């Protein structure tokens, strides 16, 4: 089996897995980073959203051999050391999660949105978050949390 060196959450990690293994399974099963969830396996639900070089990507369809050790992979665990990233705090304050399954994907997508657009309109939030499915229907709380995180960021500036 080939060995791969990955830059995950600012650490260089080595894994030995079959070529073509999805990054999702590498993260979850080989590196123990279970915050990234398996939802659909076809990049349609967004539960497996991670950042690769600051861009949101679906880990379920991204093969480990398509990621180099020069690319920075950030999972929900790497977003903040204590779970206190402003988006995570907004999620708690707005009581977003119901079942919680999609929340790491939602948060990772929201962080990307705010990095690209620090003060998005409600319509921009809806459009950007459209690809992350929530079976519990907490979309209004997701929007409220993103708006709160954006406001927190503008107050910090």
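The values are calculated or read from the model by the stated rules, or taken from the named source; none is laboratory data. From a predicted model like this one, the values you see are computed outputs, not experimental measurements. Every residue, glycine among them, receives a Cβ derived from its backbone with ideal geometry; neighbour counts consider all protein chains shown.
Overview of results
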| read-out | value |
| --- | --- |
| The one condition in (1) surrounded by fewer than 22 Cβ atoms within 10 Å (Cβ to Cβ); (2) in contact with a helix residue (DSSP H, G or I) (Cβ under 6 Å, 6 or more places away or on another chain); (3) within 15 Å of residue 8 (Cα to Cα) that residue 81 fails to fulfil | (2) |
| Residue among 56, 97 that is buried (at least 17 other Cβ atoms within 10 Å of the Cβ) and modelled with pLDDT under 95 | 97 |
| Of all residues in segment 18-36 being touching a helix residue (DSSP H, G or I) at 6+ places or on another chain (Cβ under 6 Å) and assigned to a loop (DSSP other than H, G, I, E, B), the one that is surrounded by the most Cβ atoms within 10 Å (Cβ to Cβ) | 36 |
| Filter pass, residue 78 being outside any helix (DSSP H, G or I) and over 17 Å from residue 142 (Cβ atoms) | no |
| Per-region count, segment 98-149, residues assigned to a helix (DSSP H, G or I) and without any contact (Cβ under 8 Å) to a residue 40 or more places away in the chain | 18 |
| Identity of the residue in segment 118-152, in contact with a helix residue (DSSP H, G or I) (Cβ under 6 Å, 6 or more places away or on another chain) and surrounded by fewer than 17 Cβ atoms within 10 Å (Cβ to Cβ), that ends up farthest from residue 80 (Cα to Cα) | 119 |
